[in-house]
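Any read-out appearing in this document is the output of simple, stated calculations on the displayed coordinates, not a laboratory observation. Not measured: the values here are computed from a predicted model. Glycine also receives a Cβ, built like all others from the backbone with ideal geometry; neighbour counts cover every protein chain displayed.
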Amino acid sequence: MPIPASPPSCCAGLRQTLIQGWQQDFPLHPSPFRQMAARSGATPRELLSACRELNRSGALQPIHVRWGATLQRERWRLAFDAAPGLAVTLAALPGCFRIERAEPGEGLPAVWAEMEALDEAALRRQLARLPLEPRARLRLPGPATTLCCDDPRLAACVEQGLQLCSKPFAECARQLGCSEHHVLSRLSAWRRSGQLEGLVLKPPPTPMPRPGLLALWRRIEPSDDMLARLREQRGVDRVIQGPGSEAWPWQLSVVLHATPQLGTESWRECLAVAGLAGAPDSSLPLRIEQPRDQALLFNT
């Protein structure tokens, strides 16, 4: 009697599934890898083994949270003059999640960054580590209603990243000295309230800078309709209104994903569609870097 062949292992096809499949909705469940295995066609052991291998090779980050819009924090845009090693020092700050580097010139800042912190005092503590003060700073608008985190120790644990094991929430609970039920119920409550968007299992940000272009207007008062049309344009990454004051001299800043060669043409299209009659006062080619997926708010 012939012996039936064993089914082939699924491990060979797991890499793409793991890299793409749980970037938004890692299960909030006592045994998440069992649930994931049922969806991927692998066994839990195969799935966990593949995760660990990808993590060791640097292709996959630990399980971590993506904070939601209602979590109380502040977001800032900062501009710096050129300084040796500034971008590297900025990238090491836990609150920094975006750096834009331009060539020095035109008397404009050469390094632009975006940071998040729980409050302004937390931001100041991080900025004190830098070799120079920001030349300009702007607090960006956030949601009208936000909620203060009610369990900072748990927030720090899940923000830092959960262990890749069969029961990651139980391991987190063990570290905190509480129950697995407490961990899961608190995370579920945060998700319902919008403080937590979800848990993710995904690759780290690419280390390769992306090309971009920054346009700055000092004196312009765009309408809400014009700003909305600008944000809808393909390739537009950031539209930032400012006061045009000493602290932030520009009333409008726009960042476009584009190479310097294509930048002029792209700007003309964006300006025409949005109804901006005047050309920007300054345009700077950028190299846009992402030190981390999101700011670390509790691991500072």
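Brief remarks follow.
- Each peptide in 208-221, 268-281 gets a packing score, the mean of other Cβ atoms within 10 Å over its residues, and the list from highest to lowest is 208-221, 268-281.
- Where labels lie 7 Å past Cα in the beta-carbon direction, separation of residue 103 and residue 49 in nm: 5.3
- Candidates 205, 134, 222, ranked by Gaussian network fluctuation over the chain, Cα under 10 Å, top entry: 222
- Full-extension gain in nm, residue 128 to residue 72, via 0.36 nm per residue minus C-alpha separation: 17.9 nm
- Two-site label geometry, residue 82 and residue 181: point separation in nm, points 7 Å out along Cα→Cβ: 6.2
- FRET E, pair residue 272, residue 150, Förster distance 41 Å, beta-carbon r, rounded to 0.05: 0.25
- Local net charge near residue 130, Cβ-Cβ under 14 Å (Lys/Arg +1, Asp/Glu -1): +3
- Each Lys or Arg adds one and each Asp or Glu subtracts one; over the other residues with Cβ under 10 Å from the Cβ of residue 216, this totals -1.
- Cα-based Rg of the chain normalised by 2.2 N^0.38 Å, two decimals: 1.17
- Under a Gaussian network description of the chain, with springs only between Cα atoms under 10 Å, the residue in 168, 62, 84 that fluctuates furthest is 84.
- For the chain, built as a Gaussian network whose Cα springs stay under 10 Å, the top-fluctuating residue of 198, 161, 244: 244
- Residue-averaged [θ]222 nm for the chain, counting only DSSP H segments that reach four residues, each worth -39500 (n - 2.57): -10000 deg cm²/dmol
- Spatial separation of Cα centroids for segment 52-84 and segment 122-195, in angstrom: 12
- Look at the alpha carbon pairs under 8 Å that are at least 6 residues apart: their mean separation over the length of the chain gives a relative contact order of 26 percent.
- Cα-projected label distance for residue 299 with residue 188, points at 7 Å along beta-carbon direction, nm: 2.6
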